[in-house]
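Here the structure is laid out as structure tokens; the discussion comes afterwards.
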Amino acid sequence: MKTKALNSQRQSYFKAVYKEGGSLLDWNFGTAGQKVIELVINGQIKRGDKVLDIGSGPGNEAVFLAKQGMKVTGLDINENAIVLAEKLAQLQGVDRDIKFIQGDALKLDFKKESFDVVNDTFVFHHFEKKSRKIYAKEIHRVLKKNGIFILRAFSNKMTPGSGPFRLTGREILDAFLPYLEIEELSLFRNLPTVKRSDQCHWFGVFRKEK
């Protein structure tokens, strides 16, 4: 499956790393990210919430959320990523509580107002500029009223290099504010990888109006 959200180089990259069974994913730490864990602890993501995990990859955050009692749909464009995620869900005993599907984030195949929470698992920072507002509009469409959108992305404060775009706060706001209300947008330090020792990321929480 291809998408207009990613350039050909990024699509080829993900195809290659997942073809190897995930062994090349140096950013796969085997657990949910700290910010998502905090949102569960604080009650912003609640037991019984319907969650769409976009860019679910090897399934770490989808599986974590399912184990906390959320009803989770994991979406990824790569079929090999879905295979890995389904294996993890089975290992953790939540394979009946999660549905993993292959799909395009710019064309979400869900009805209007289907989810309480949409979790962007480091997806938005891969998107070409022309795709960003299309994505934001789709998030708005599938979120229930008063639902929240969670964003994490590379920031322009981290070291330059290849791969995802380094985003400014203004670029994020320009994409999402026409559709969602902002509750938080802040910088945080994330775990380092072999290629990128300085991981300074954006964390955002946006809400659909009641």
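For the reader, a short list of remarks on this structure follows.
- Percent accessible area from carbon and sulfur atoms, the range 98-158, protein chains only, probe 1.4 Å: 48 percent
- Take 192-200, 137-145, 30-38 and order them by the average number of nearby Cβ atoms within 10 Å per residue, most first; the result is 137-145, 30-38, 192-200.
- Distance in nm between pseudo-label sites at residue 199 and residue 177 (7 Å out along the Cβ direction from Cα): 2.9 nm
- Entries of 87/129; 67/157; 112/157; 99/129; 19/145 with Cα pairs more than 32 Å apart: 87/129; 67/157; 112/157; 19/145
- Extension gain, residue 209 to residue 186: 0.36 nm times the residue separation minus the Cα-Cα distance gives 6.2 nm.
- Distance between modelled label sites at residue 112 and residue 91, nm, 7 Å Cα→Cβ extension: 4.2 nm
- For residue 145 and residue 79, the FRET efficiency from 1/(1 + (r/R0)^6), where r spans their Cβ atoms and R0 equals 41 Å, is about 0.80.
- Panel values: the chain, Kirkwood radius from alpha carbon pairs, Stokes-Einstein at 25 °C and 0.890 mPa s, translational diffusion coefficient 144 µm²/s.
- Divide the volume of the convex hull around the Cα atoms of the range 39-116 by the residue count and you get 83 Å³ per residue.
- Added length on full extension, which subtracts the Cα-Cα distance from 0.36 nm per residue, residue 134 to residue 31: 34.1 nm
- In a simple Cβ point-charge model (Lys, Arg +1; Asp, Glu -1; nothing else charged), the range 4-126 has a dipole of about 200 debye relative to its Cα centre.
- Between residue 101 and residue 41, residue separation times 0.36 nm minus the direct Cα-Cα distance comes to 18.9 nm.
- With a Förster radius of 25 Å applied to the beta-carbon distance between residue 170 and residue 3, the computed FRET efficiency rounds to 0.50.
- Computed across the range 112-208, the Kirkwood radius stands at 13.7 Å (inverse of mean 1/r, all Cα pairs).
- The residue among 70, 125, 135 whose Cα reaches farthest toward the positive pole of the charge dipole of the chain, with charges on the beta-carbon of Lys, Arg, Asp and Glu, is 135.
- Helical content alone sets the calculated 222 nm signal of the chain at -9000 deg cm²/dmol, taking -39,500 (n - 2.57) per DSSP H segment of four or more residues and averaging over every residue.
- Highest-first arrangement of 147-155, 182-190, 88-96, where packing means the average Cβ count within 10 Å: 147-155, 88-96, 182-190
- Once the 1.4 Å probe is applied to the protein heavy atoms, the chain comes out at 51 Å² accessible per residue.
- If you take the Cα centroid of the range 179-194 and the Cα centroid of the range 110-129, the two points sit 15 Å apart.
The values are calculated or read from the model by the stated rules, or taken from the named source; none is laboratory data. The structure displayed is predicted, hence computed values, not measured ones. We place every Cβ from the backbone using ideal geometry, glycine too, and count neighbours over all the protein chains shown. In case anyone asks, the SASA skips ligands and DNA or RNA and just uses the protein heavy atoms, side chains included. Shrake-Rupley method; radii C 1.70, N 1.55, O 1.52, S 1.80 Å.
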